[in-house]
Amino acid sequence: MSQERELTARKLFFTYYDQKLVEDTSVTLEGWVKSHRNNGSVGFIEFNDGSYFKSIQLVYDKDNKDFESISKVKYGSAIQITGKVKLTPTMKQPFEIHVDSVKVLGDCAEDYPLQKKKHSFEFLREIAYLRPRANTFNAVYRVRNTLAYAIHKFFQERGFMYVQTPIITANDAEGAGQVFHVVSDFKNPNEFFNSSACLTVSGQLHVESFALAFRDVYTFGPTFRAEKSNTNRHASEFWMIEPEIAFADLEDDMNLIESFIKYIIKYVLDNCKDEMEFFNNFIDKGVLDKLHTVINAPFVRMEYTKAIELLKKAVESGHKFENNDIYWGMDLNSEHERYVTEQIVKGPVFLINYPKEIKAFYMKLNPDNKTVAACDLLVPKEGEIVGGSQREEDFTKLEAKMKEMGNEEGLKWYLNLRKYGGCIHSGFGLGFDRLLMYITGMQNIRDVQPFPRYPGSLKY
């Protein structure tokens, strides 16, 4: 690696923050032109090399022998620059570079779709291959990267084993039926695997088998839903975080969730300060306060039954929901979840022990035979963000439930986990992309994914 390539904007900024950046230091950098303005006697280039969210201001004037050629460098071009550092601690940028020379490494055509103006998110979705260069998406993908690292860091530091569960599976996990089928021959769809195959909707069932061998495990990977839903929260391809812990009940599961959520949010706040300030200033002005509330507040536990009672009282007192028909056994809507967390608890809350009819077959049946040991974490301004449960470890009870659902044959191996040294175990699922929406304040899942997949769209 050349000495020039080893120097990046990130290293320059960190050298400045460490108070070690020296005036008139000669530097060579490669990157892209974010903007370029020239008043005839002095020119300013906003320069970013991709290593850091903040850009560097390049300055050149008439005394530069290459003034005319530099002034013609186009917005969007890839360039190599050499120059000297000038410290400007009282200015918006803490330092700038006075340019000696500029070499165009890759010219930018006149029809470059990104211009130095505000573009709509809808427009930028149409040029998804270029939008990482736009400030908002540059910040989104930086936070996405940091968040992914924080997830692995949290689990690895606690001795969890990372398991890569299969993308092609023979079952749809919870029996929703909204799957993408995998075929090599449309005339003989089952010919390749000798059975029907689909893209996974969850890695949970597979990762449970590893929890019963390695104790604490997690999977973090892509999942797919063939749900024709064109909302701002649904995508056909998304990533899921799914840990499983052996010898652990629902309380252990909730303790893990609370520690996990607080850790990863704090990690992003500590390591993406510039990006998070950008989101707070330009995307969601309350996002930092919201996140600090989550990491500093205790996570309240509340029975589903209690929540229903409180929602009924709210309606009786005159509160208007879009759905005012509140009854025990209903699946709460987002508006109900938000009311509980924002108006009643005023902070994060676990709703626990849901009616068995509205939860998945693998959740542990409680002694009342009416509810299951499940939890949903509700947070302000979002509602439900994490779903977890203690898994049913009783072979007979799980078998009866699976027979009722008609999925016993295809998941015989999953049932047998209870037969061969099974134990109590718990876990949760968290949508990575929705979590990223919550942390950044972005309002559409298509704007937090690099190349979003959704009904009617497969452009890239």
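Every read-out reported here was derived from the displayed coordinates using simple, explicitly stated rules and does not represent laboratory data. Remember, it's a predicted structure, so these values are computed and weren't measured experimentally. Every residue, glycine as well, gets a Cβ built from its backbone with ideal geometry; the counts of neighbours run over all protein chains shown.
A few remarks follow.
- Loop-located trypsin sites (Lys or Arg not before Pro) in region 1-53 whose Cβ has at most 13 other Cβ within 10 Å (DSSP): K20
- In the set [x] 32.1; [y] 27.7; [z] 23.5, the label that goes with mean projected area of the Cα convex hull in nm² computed for this structure is [y].
- Inter-part distance, region 62-112 to region 381-454, computed on C-alpha centroids, equals 51 Å.
- For V379, V33, V182, order by how many other beta-carbon atoms lie within 10 Å, fewest first: V182, V33, V379
- Going by neighbour counts of Cβ atoms within 10 Å, the residues T88, T440 line up, fewest first, as T88, T440.
- Shape summary of region 332-437, radius of gyration then Dmax from alpha carbon positions: 15.8, 47 Å.
- In plain terms, the C-alpha convex hull of region 1-135 casts an average shadow of 9.2 nm² when viewed from every direction.
- Loop-located trypsin sites (Lys or Arg not before Pro) in region 305-370 whose Cβ has at most 10 other Cβ within 10 Å (DSSP): K320
- Positive dipole terminus of the chain, leading residue within N353, H319, V386 (C-beta point charges): H319
- Each Cα pair under 8 Å and six or more residues apart adds its separation to the average, and for the chain the resulting relative contact order is 13 percent.
- Rounded to the nearest 10 degrees, the angle from helix 204-214 to the longest Cα principal axis of the chain is 90 degrees.
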